[in-house]
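First the structure, in the form of structure tokens, and then the observations on it.
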Amino acid sequence: MRNSGPKPVILPMLASDLSSVERIAERCFPVPWTRQEFEKELKRDYAVLRVLRPSAEESVCAFANYWHIGDELQLMNVATLPELQKRGHGSALLVDLLQHGRERQVKLVTLEVRRSNAAARSLYVSFGFRELGIRQRYYSDNGEDAIVMHLSLPPAD
């Protein structure tokens, strides 16, 4: 994370953020979610969508989307504009997700990540995620396997 300058601002995603989120998804994922899929997510009671701005004055450059069902969180998407990656935005969104989970007594966080996405896998491991298994030929664009990862959250103090 940056050591100087303004602190990133993380807020709930609004309908007015959809164009930015769609643009980020298109630039980051081989098979990005569509605007309509994100619109549906905004209406789901269990979906949590968060956007990150590098500062209050700047545009949305990253987002996270996860489902909170029972005592589990399932990370669906986390992405940062390619030119703004490696500045701690993904980490900030994961910290935000884990804070949400701890505040709501979540016990488990799960996700799937492409086998080839070494940077994301490394980030998740740095947060304590462990590889649980493999979903063979999970991704529709190229048949790549997904690594299933999980993180058990201890009860809040």
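Details
- Being of a type in the set (Gly, Ala, Ser), over 18 Å from the mean Cα position of the chain (by Cα) and within 23 Å of LEU11 (Cβ to Cβ) is a property that ALA56 has.
- Residue within segment 21-30 that is within 13 Å of the chain's Cα centre (by Cα), closer than 26 Å to SER152 by Cβ, surrounded by 17 or more Cβ atoms within 10 Å (Cβ to Cβ) and not aliphatic (A, V, I, L, M) present: no
- Whichever residue in segment 114-125 is in contact with a strand residue (DSSP E or B) (Cβ under 7 Å, 6 or more places away or on another chain) and closer than 15 Å to THR80 by Cβ and, among such residues, is modelled with the highest pLDDT: TYR124
- For segment 55-80, a tally of residues being of a type outside the set (Asp, Glu), farther than 28 Å from PRO154 by Cβ and surrounded by fewer than 17 Cβ atoms within 10 Å (Cβ to Cβ) returns 3.
- Residue that is farthest from MET76 (Cα to Cα), among those in segment 130-157 that are touching a residue at least 24 places away in the same chain (Cβ under 8 Å) and among the polar types (S, T, N, Q): ASN142
- Restricting segment 38-58 to residues that are in contact with a helix residue (DSSP H, G or I) (Cβ under 9 Å, 6 or more places away or on another chain) and charged (D, E, K, R), the residue that is farthest from LEU98 (Cα to Cα): GLU39
- Test: residue in segment 137-147 that is under 16 Å from TRP67 (Cβ atoms) and touching a Ser or Thr at 6+ places or on another chain (Cβ under 8 Å): no
The values are calculated or read from the model by the stated rules, or taken from the named source; none is laboratory data. What you see is a predicted model; the values in this text were computed from it and never measured. Don't worry about glycine lacking a Cβ; one is built from the backbone with ideal geometry, like all the others, and counts go over all protein chains shown.
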